[in-house]
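Dropping the structure in here first, questions after.
The values are calculated or read from the model by the stated rules, or taken from the named source; none is laboratory data. No experiment lies behind these values; they were computed from the predicted model shown. When we count neighbours, we look across all protein chains shown, and the Cβ atoms used for this are built from the backbone with ideal geometry, even at glycine.
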């Protein structure tokens, strides 16, 4: 029984800050700031005991581990997005066609917006013809006519803002496809075994509308 207890005992050893080799049957206080080896009774290493850390040191390590975990998560998410992008656009022809389709959708809205603007301008002309009867005495203009003129002016202004937003949307769509194309060229090249530097060369995009 005594032999079994002796076999289970640990021996701690380390080299302290003064270069001395220290040995003890328990963790060595002089080496709390450095690595200690826990040995079996036979002298083989059972495990290595790291330095005891202060709360501040532990906080630093935990923060480093948190950032490392976030970086691994970011890289994993980036890989997932890349796989999805490649799955959606296996080649530039598909990507170019999707760009054209997206731009055409915005352009159709713009065309409809211009038609609506023209309708409002035609309405304005009719209202102004009617308002001519009250040019000499605007105070006699019916409230309904005055209200119609004000509403028309507001709608024309709103339509102009709407069209400006749609033009901005076209620029946004093109910018998005430009960014995708830069990344996709690298991914397509990697899939074919071509160096990334060669893949980064500019490539022509479809004519923008």
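Please work out if residue 80 is free of Cβ contacts under 8 Å to residues at least 60 places away in the same chain, surrounded by fewer than 11 Cβ atoms within 10 Å (Cβ to Cβ) and under 26 Å from residue 178 (Cα atoms).
Numbers: free of Cβ contacts under 8 Å to residues at least 60 places away in the same chain: yes; surrounded by fewer than 11 Cβ atoms within 10 Å (Cβ to Cβ): yes; under 26 Å from residue 178 (Cα atoms): yes.
Considered against the rule, which asks whether it is free of Cβ contacts under 8 Å to residues at least 60 places away in the same chain, surrounded by fewer than 11 Cβ atoms within 10 Å (Cβ to Cβ) and under 26 Å from residue 178 (Cα atoms), residue 80 comes out as yes.
When you go through 86, 120, 149, 103 one by one, which is the residue that is surrounded by 14 or more Cβ atoms within 10 Å (Cβ to Cβ) and farther than 30 Å from residue 170 by Cβ?
Numbers: 86 fails: farther than 30 Å from residue 170 by Cβ; 120 fails: farther than 30 Å from residue 170 by Cβ; 103 fails: farther than 30 Å from residue 170 by Cβ.
So the residue among 86, 120, 149, 103 that is surrounded by 14 or more Cβ atoms within 10 Å (Cβ to Cβ) and farther than 30 Å from residue 170 by Cβ is 149.
For the stretch 153-209, what are the residues that are more than 26 Å from the chain's Cα centre (by Cα) and modelled with pLDDT of 95 or more? Walk me through it before giving the result.
Initial filter on the stretch 153-209 (more than 26 Å from the chain's Cα centre (by Cα)): 153-164, 192-194, 207, 209.
Across the stretch 153-209, the qualifying residues are 153, 154, 155, 156, 157, 158, 159, 160, 161, 162, 163, 164.
Considering only the stretch 55-62, I want to know if a residue exists there that is loosely packed, with under 14 Cβ neighbours inside 10 Å and in contact (Cβ under 8 Å) with a residue 12 or more places away in the chain.
Kept after step one, since they are loosely packed, with under 14 Cβ neighbours inside 10 Å, are these residues of the stretch 55-62: 55-62.
Next cut, in contact (Cβ under 8 Å) with a residue 12 or more places away in the chain only: none.
No, the stretch 55-62 has no match at all.
Would you check which residues across the stretch 91-133 are without any contact (Cβ under 8 Å) to a residue 40 or more places away in the chain and under 30 Å from residue 183 (Cα atoms) and list them? Reasoning before the result, please.
Taking the stretch 91-133 as the starting set, the residues that turn out to be without any contact (Cβ under 8 Å) to a residue 40 or more places away in the chain are 93-94, 97, 101, 105, 108, 111-112, 115, 118-133.
Within the stretch 91-133, 93, 94, 97, 101, 105, 108 meet the criteria.
Out of all the residues in the stretch 134-152, which are assigned to a helix (DSSP H, G or I) and without any contact (Cβ under 8 Å) to a residue 12 or more places away in the chain? Quick ask: steps written out before the conclusion?
Our first condition is that a residue be assigned to a helix (DSSP H, G or I); within the stretch 134-152, this holds for 134, 138-140, 143-152.
Answer for the stretch 134-152, where residues must be assigned to a helix (DSSP H, G or I) and without any contact (Cβ under 8 Å) to a residue 12 or more places away in the chain: 134, 138, 139, 140, 143, 144, 146, 147, 150, 151.
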